[in-house]
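Structure first, then comments.
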Amino acid sequence: MKTQLEIYIEEIAKRLERLYELAVSSLLDAMTAFKHLNDEEASMVKRKCEDIDELAEKVEQNVIETIARRQPVAKDLRTLATYLQVSHHLYRVGRYAYKIAHIVDLCNGLEHFKELESLPYLAQLAKKTLEISMKAILTGDLSQLNQLEKLEADSDRETSEMFNEIVDYLRKRTDISQMALFYIIVGRYFERAADHAFAIAERAVYMATGKRVKLGLAFKGRSSYAPH
């Protein structure tokens, strides 16, 4: 029979999973809105981000109340502390989606000057990193965390190539500077979303093992996490 504390933790985990689903879908929807420069799609993203804000606040309240009333120790306390931090990271991902949607509003009268390839790819990389890190949080399965290192390298490489491509366009045209800036900003938001996935993954390791690690350094030969 489950204890009351276990029931509370499971309920918070369900809300956290829903928060993750909303954050990822809002990020991808924001990419679609930017691709189409569609104000209605951007407005839908902003409304979804309001739900993210409310749910993140609810998770925070649930965690604080559970700690105060049930006084968990050891692994349960690590789990609740992790849920609190992960909620904040997912909230930040939602804010990036909101900011991309706002950029769509700022693009009034502008149009794309190139086929969008890098930005949708960066959005998918952010989605994949969040998927891996949240699986570790929700199931305790750390076996896929080593994949994050390659995904980060892919993201860095794609961002660099996109930047170089935009620079080449700017050398040839002088009428695209504002849209080019938006491309760089939107790409940066996707890159930052992936960075939050790394922070979530680090918390997953801590929650499962009690050990603190630093991820994202394996390609430099300095990662402190060795998957089993």
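The listed residues are LEU5, LEU16, and the only one of them that is under 14 Å from VAL63 (Cα atoms) and crowded, with 21+ Cβ neighbours inside 10 Å turns out to be LEU16.
Of all residues in the range 165-193, those satisfying the criterion of being over 15 Å from ARG95 (Cβ atoms) and within 18 Å of the chain's Cα centre (by Cα) are ILE184, GLY187.
Tell me the residue from ASP29, ASP39, ASP53 that is acidic (Asp, Glu) and either within 25 Å of LYS211 (Cβ to Cβ) or crowded, with 18+ Cβ neighbours inside 10 Å (or both), please. Lay out the reasoning, then the answer.
Values: ASP39 fails: either within 25 Å of LYS211 (Cβ to Cβ) or crowded, with 18+ Cβ neighbours inside 10 Å (or both); ASP53 fails: either within 25 Å of LYS211 (Cβ to Cβ) or crowded, with 18+ Cβ neighbours inside 10 Å (or both).
Checking each option against the conditions leaves just ASP29.
Quick one: which residue in LEU148, LEU125 is assigned to a helix (DSSP H, G or I) and modelled with pLDDT under 95? Even if it seems obvious, please write down each step before you answer.
Working: LEU125 fails: modelled with pLDDT under 95.
One residue alone meets the criteria, LEU148.
Scanning the range 83-101 for residues that are charged (D, E, K, R) and either more than 30 Å from LEU170 (Cα to Cα) or not in a helix (DSSP H, G or I) (or both) turns up at least one hit. Evaluated against (1) under 30 Å from LEU181 (Cα atoms); (2) over 19 Å from the mean Cα position of the chain (by Cα), LEU5 falls short on exactly one condition, (1).
Answer with yes or no whether ARG92 is more than 18 Å from ALA23 (Cβ to Cβ) and either crowded, with 17+ Cβ neighbours inside 10 Å or not aliphatic (A, V, I, L, M) (or both). The answer is no for ARG92.
The values are calculated or read from the model by the stated rules, or taken from the named source; none is laboratory data. In this text, all values refer to a predicted model and were calculated from it rather than measured experimentally. Please note: Cβ atoms are built from the backbone with ideal geometry, for glycine as well, and neighbour counts cover all protein chains shown.
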